[in-house]
Amino acid sequence: MELMLADTLLSRCPDSVALLGAVCGGGPGEALSVERTETLRFLLQRVAGGGWRGEDEARRLAWEAALGRCFPVLLGSGSAAAEGRLRRVRAACGALRCCASLCGPSLAERLAREALESLAAGPAGRLPTEAAVELLAAVAPWLVEPTLLERTVGGALTLLQQEEDEDKTLLVAGRLLPALGRNSAALGRVWEGLVFPPESAPQPVSRTLLVLSALSEAVFPAGAQQPGSGTDGEAPQLLDARLSSGFWRVVQRGLAESDALCRKRARYLLKRAVDVSEKLHAECVCSRDPGNEPWLFWWSAEKKDQLTEFWGNYILIMETLEGNQIHVIKPVLPKLNSLYELAISEQKDSWVFHPSWHMCIYKRMFESENKTLAKEGVIHFLEMWQTRCLPPSPGFSEFVIGPLMDALSESSFYSRSSGQVIGMCPLLGIKLQKFLAAFFTNIPEEEKSSFLLKFIQRMSNRHWCAIPVLFLSMALAHIPACRALDMEGLLALRDVLQCTMITHQILLRGAAQCYLLKAAMLLTNVEKVSLSDISNFIVSLRPEESLGRGTVLWKMLCDWLHANDKHFQRPLNYGVPRDKTFLNVYVQFLVQDYLKTPVASGKSFISEDCLMPDWFEARLVATMILLAADVEEMTREYNGTGSTERMELKALLNPLLDVLLKLGTNPYISTLKTDKSLQLLLKLLQICSVKCSNPQSDGVITFLQNEFMTASESILDFLLRRLSANELNTISDLERCNLYLAVLSELLSFCSVSGWTKEMSFCGFISSLISASLCNLQEMSSEKELKLGEQIQKVVCMASLSAVCEIIDQKPALQLQSLPAVETLKTVIVCSELNHVLKKPCSIEKNSSLEELSSHQGWGKIVARYIRDQWVCLHFTLNNDQNPSKDEDLQQFSFDVQKHTRCLQSALEALTILPSDHVLPVFHCMKILVPKLLESSESLCIEAFDLAWKIISSLNTQLIFWPNLKGFVEFVFNPEVLAAAAKKKSKAYMKIKEIMFQIIEMSSTKNGVFNTLLSYCCQTWMFPTCEHASAVENAFLNAGNYSELLVEACLFGTVFRRDQRLNQEVCAFVENLGSECAANVVIESTNRDDHYVRICAIKFLCLLDETNTLHKKFIEDFFMTLLDKGELMSKSKTRYYVNSLQHRIKNRMWQTLLVLLPKLHEDFLTRTVDRILQAGYCSNQASVKYLIEWTIIWILHKFPHFLQKFWDCFSYDEDSLKTSICTFLSVLSHLDTILQNISEKIPVLKKALVVVLQWCFHHNFSVRLYAFVALKKIWGTCKELHMDDFETLTPVIESSLHQAESMHGTGNAKKNWQRIQKHFFFENFHPLKDYCLETIFYTLPHLSELAEEEWISLNKFIAFTDIPLSATFPCICSHTELLNLKPSDWSQQDRGLKSAEPDNQREWTDVQKKIIPWKNSTLDLDLELVFQDRAAKLGKSNSRLIVVASLIDKPTNLGGLCRTCEIFGVSALIVGSLHYINDKQFQYLSVSAEQWLSLLEVKPFQLIDYLDQKKTEGYTIIGVEQTAKSCNLTEYCFPEKSLLLLGNEHEGIPANLIQQLDVCVEIPQQGVIRSLNVHVSGALLIWEYTRQQIIRQKIQR
């Protein structure tokens, strides 16, 4: 419109120079207004078009206007408002561009220097940065001086690389560099700077792609440009981007970027290159990188079809991956295989296309937001190496170590696939093992070591969750044996071990350690590592979690050490005698070096002795001694020698035994040496005490027992002296005290296995230790103020007494309770003050050590230890007070309620002051005190319950939580406490129930909590420790008083989060490995699986004896409670979904009822059978329905006289039976089982036939099917029994069955008839033979398609040993036919057959193909925007909004958009073709709006020039696109002159147009679908623009 106005002015004014002067007006140096600048610009644009008089004068005026009038506009733009500033800069630069086109390079270069000086000066420059960049972009086409061009390009590239302001960077990349690129003299410099930037200053790939997209017309051959896309006066093409490997590396980086806009630009450039190559029909090969890899891009006319297919499929895959929707992407994934077929040569030995293109696809998939898609990508990549023999490529190794391992770190990828049951190895785990083995085998030998090292280092360089570490370790352990790791690799493996130690899943942690050790044995090059390196690696493994002695893993390690003994790297001058192994010699030197201590004297010696040695070295030496001993045993077995002297082991132990034998007699042995010897002894004892070791048949353990027993007296003498002679008096001595007491306990346990032969010496040691400790305590208690050393001595004495009490309790066979010193200890403990606190030392001696100076730090921990030991001693006293005692104080204490009350009050005080890791002895005491005080001091007991529960509920540390929880349960749910509380139903009774439900609630977030409570209660109720009949009766009465616990247990089962379920599944997989994984052997079972709650309750119910009166009453009450609960659930919610929580609970309830059914007496069933039958009327899911039917069948079989009640069920009205009749018909299909206990079968059969025949002609198809199945089964029973009493019914029955077969001859009816007959419940299931735990809890849930979390295998019933299996209740099915079936519920399949899996070779027509507007554009050079006649009618529109819809190609969208634009007064709607106006769909939706709206035509390839023109006219170009820098629509303020660019329906805004945008606006979304319809998006933005303009106009008024 403005150009038409310019033509009109110039045609009316013959003197164009005068007209330009009039427009400029004013004096020199005075800035033009924005309006005058815009007018000057379009007049100069027309003058520059040629043919006007006075051009020389016009050039002079243009020069003056540029420097005197337009340039000042830019100088003053910095102070303008944001909206006005952009318009001023655009108008001034547009005018300056026209001036430069008239005046040539001289003006352009002068303006460029001004801009460059401003950029160099930064904020202090004359021009703002934005104005300087816009000015350079305006004059760039007319720059010719090489130096100036070099400066300009260099400045632009510097801004591109270093500028942090993203808006300024986008301005440089989107405006300046493309403008420079259109200058033939600058294009080469721009290209080099973009594609080959210096390594010291790399630039973001997103900025590079932005520039390259804008220069796409300049960097591809001119012969393939789009028609009409060239511009007059621009230089011919000098570059071909296809020939540059640097260009293709940029494109590949862009394809894998996380930013969607960056990926879009990369795809655009790739499509342009392919399209150019296809049109030119010429050979094309890009430069090749060093190596034997193929070209990144090439083209050949001879192989055009292959190339077109490959690149077409490749681009389509990349575009489809943008959807992030698996149902859209799934059909594309199999097509990745075709890419490999095209990319590999016919000989399968080399790559035709560079493999890095495939890696871009996988990297894009790995980084997808859709985790399902990312997992599919990982699995597909791993499968390629199993199914295809791919040629080697160095890039694949880097890809595996980089993007693939990043993807494998996602734990959720290791979830089970469909079809896998719990306990199986996840699909990804299996494929990862096969992949790594195949990939490693195909790597060239010289590269294997470096690849493996980098792989392991990558595992240790980041924090991995337990699950990925486990499966990566398994994959490493499945690599074929290869000597690839040296010392550095072994250190890397040790670093991985350190990573696994921080996880909380102990089983997974232990399993990962096992596989890492296996990998080390398979992959280590023993000739490059020493035994020192091996031992340091081995000691990183935890014996209590993985490397336990006696496990399969330990034996494998011994075999490996034996086989490689002669190959390990040896130090120089390291001789090995012929009769010894290198391992023995190494360990012997190790022991000797370990026990060597430096000779020291004076104060330095004392200070060194203050601190305990590190335990690492002791653990290392002990582990290697036992390994060497077992290797010796293995060698002896291999050689067939039966010698038991074990001279090598004796030689290894001699240095240690020498020290131990001197401990009791030589007081001058240094503290350091005694510490190290006892540490080594303790570690040897602990490793040998691992549960997998068998002391009776283990020759090494027997030998150690004999050797250590010889030194036992010396050790005991030393311990007695150190513990009782006041030699321990520093803070560090407390650690020594712990060491001594641990040695004492372990030594006793170790040697007592084969029989302690020196009981008298040990009894004397215990008596002496007790007496000395009591004496020391009494002496120190008399002093008023104690020094630090004396306080420490008190702590040591109390710790010694505590250890003695624990030993006496744990070793009753030694009969130490009868010692006089023990009686004295009890008396002293009873009379002593509880919670006695040590006073903090207030004075420090002058000669105190540094360690004593810091004694005040951590004093609270010492005091807590002291108080804890007091309570250990008190528990020992209370626990043994039932034994008759000669001491009067003890006898009085046993019956003194007041003392017990004070004791419990002290316990409450202790709970408030002790840390949580020290409260367990207090709980043990409360377990004894509370039953005695519940009746007399109920409120105090309730306070104890509350305080203890508060501690338990606040615990987070796993190692502390579980022992404390067990102690808490044992004192709160003590059978005596429960019985006393239930007797009066008092507040204590309610408090216990409250705590019970709180524990159940906690179990929903912490596995195993409910297990601990239920297991203890079931054991104490069913198997009380006291053998008195009254005690047994009272214990079981608790089951009835607290039956809610068992009810909740039978119905228990939480719905876990996905991550929790994944952890459980992986743990189940590890457990299924059995002894193959050493972690399963050495780690104690914690029974924390939630299934064990129900298993415990069910096993408890199975043990009940219905002949026992108490048991019989409990069974009946429990059965009624479950029925009540089921009825309440049915009333509260009549309909529920499959596998919903209500469905699961109802299923668990009927499983429990079915277990109790054989224990019910006839009189009880007479009262309840109606309620059971009534349950069949409810709407039930399949699994519940089968259980109800099974229950009814079982009752009718055992008590046939209930048949009349069953027949009555068919007499209800049809509305009542519409959801339940199939249940009762299913029962009749098993009439042969019901008849077994009936003598008169004919009347029953006749009644059944009459009942069933009525339903065979029901209008409901499903009812007819069930009726015909029942009829067929009943009629078959009649024939088997040879009954001929049904002459009248025979024709009817035969014809009905014949009609059933013939009527269902075709279609789905026939399929359903066949399915229901083959259904397991009618064909395979037998209600009596299949009655067992396995069928109820595993087979039936599996066949009824219940969620796998509900399947409880028989193995779990066997594995749970807290409650024994009932000898009378059947556990396993007698035949396996039912167990081997697969789910095939006909009713579920009848809802509609699921379509088969899509063929892996689906055609591409199933995939939405993106539209490429620039590719199909046609030539149209007419850029004149001519209004049609109807434009004159549109004077009513005041809006300055232009909507550009040239990229939209659907008439329906254009028609709706036209209507919206007319309603809101848009000034013009730009379309790609005016032919759309005549389309019927357009007219249907536009409802004549096109007659009242200015519709203009701009073809897609003309949009760049059109948008440039509108920018110079002051319009802000706004795009509707989601990018990283998009502005939220609710926050964006529209300028008055706005141009809204709408994208294509599928592709959006092409990449070559995005850089033309001033701003991207996105609409905030809340849903899942990622985009709106383009018409809807446009309408939202048009309304927001209109709304803001209305508000602005109101404010102005």
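What follows is calculated from the coordinates using simple rules that are stated; it is not laboratory data. This structure is a prediction, so every number in the text was calculated from the model and none was measured. Positions of Cβ are backbone-derived with ideal geometry, glycine not excepted, and every protein chain shown enters the neighbour counts.
For this structure, a couple of remarks:
- Rounded to the nearest 5, the antiparallel percentage of DSSP beta bridges internal to the stretch 1454-1577 is 10%.
- Most to least packed among 911-923, 387-399 [average Cβ atoms within 10 Å]: 911-923, 387-399
- Taken along the Cα-to-beta-carbon direction at a fixed 7 Å, the label points for Glu64 and Glu1287 span 13.4 nm.
- Relative contact order %, the stretch 895-959, counting alpha carbon pairs below 8 Å whose residues are six or more apart: 39
- Along the stretch 1270-1282 the Karplus relation, 6.51 cos²θ - 1.76 cosθ + 1.60 evaluated at θ = phi - 60°, assigns HN-Hα couplings of 4, 4, 5, 5, 5, 5, x, 5, 4, 5, 5, 8, 6 Hz to successive residues, with x for each Gly and Pro.
- Percent RCO, i.e. relative contact order, over the chain, from Cα pairs under 8 Å lying at least 6 residues apart: 7
- For the stretch 84-89, putting each phi into the Karplus relation 6.51 cos²θ - 1.76 cosθ + 1.60 with θ = phi - 60° gives couplings of x, 4, 4, 5, 5, 5 Hz, in residue order, rounded to whole numbers and with x for Gly and Pro.
- For the chain, the share of DSSP beta bridges that are antiparallel, to the nearest 5, is 15%.
- In terms of packing, defined here as the mean over residues of other Cβ atoms within 10 angstrom, the peptides 1069-1076, 417-424 line up highest first as 1069-1076, 417-424.
- The loop-placed GluC sites (Glu not before Pro) in the stretch 1162-1253, going by DSSP, that have at most 15 neighbouring Cβ atoms within 10 Å of their Cβ come out as Glu1240.
- Sparsely packed trypsin sites (Lys or Arg not before Pro) within the stretch 108-145, loop by DSSP, other Cβ within 10 Å at most 16: Arg126
- Stretching Gln1593 away from His836 to a fully extended chain increases their span by 264.2 nm, per 0.36 nm per residue minus the current alpha-carbon distance.
- If you sort the three axes of the alpha carbon gyration tensor as a ≥ b ≥ c, you get a/c of 1.5 or more for the stretch 1153-1210 and a/b no higher than b/c, which makes it oblate.
- When each of Lys966/Lys1146; Lys1112/Lys1198; Lys840/Lys950; Lys787/Lys826; Lys927/Lys950 is checked by Cα-Cα distance, pairs over 23 Å: Lys966/Lys1146; Lys840/Lys950; Lys787/Lys826
- Restricting the stretch 947-1052 to GluC sites (Glu not before Pro) that sit in a DSSP loop and have at most 16 other Cβ atoms within 10 Å of their own Cβ leaves Glu1027.
- For Ile422, distant residues with modelled amide H under 5 Å away: none
- Long-range HN-HN contacts of Cys1527 with modeled amide H, under 5 Å: Cys1560, Val1561, Glu1562
- Ordering 1138-1145, 871-878, 927-934 by mean Cβ neighbour count within 10 Å, with the highest value first, yields 871-878, 927-934, 1138-1145.
- Bridgeable aspartates and glutamates around Lys993 (alpha carbons under 17 Å apart, same-chain partners fewer than 8 residues away excluded): Glu938, Glu943, Asp946, Glu970, Glu976, Glu1001, Glu1044, Glu1048.
- Anisotropy class of the stretch 1177-1313 from Cα gyration tensor, a/c 1.5 cut: oblate
- Partner lysines for Lys168 [C-alpha distance under 19 Å; skip if fewer than 8 residues away on the same chain]: Lys1511, Lys1525
- Rg over Rh for the stretch 482-544 works out to 0.98, both radii taken from alpha-carbon positions and Rh defined as the Kirkwood radius.
- Applied to the stretch 309-320, the Karplus parametrisation 6.51 cos²θ - 1.76 cosθ + 1.60 on θ = phi - 60° returns per-residue 3J(HN,Hα) values of 5, 4, 6, x, 5, 4, 5, 5, 4, 4, 6, 5 Hz, with x for Gly and Pro.
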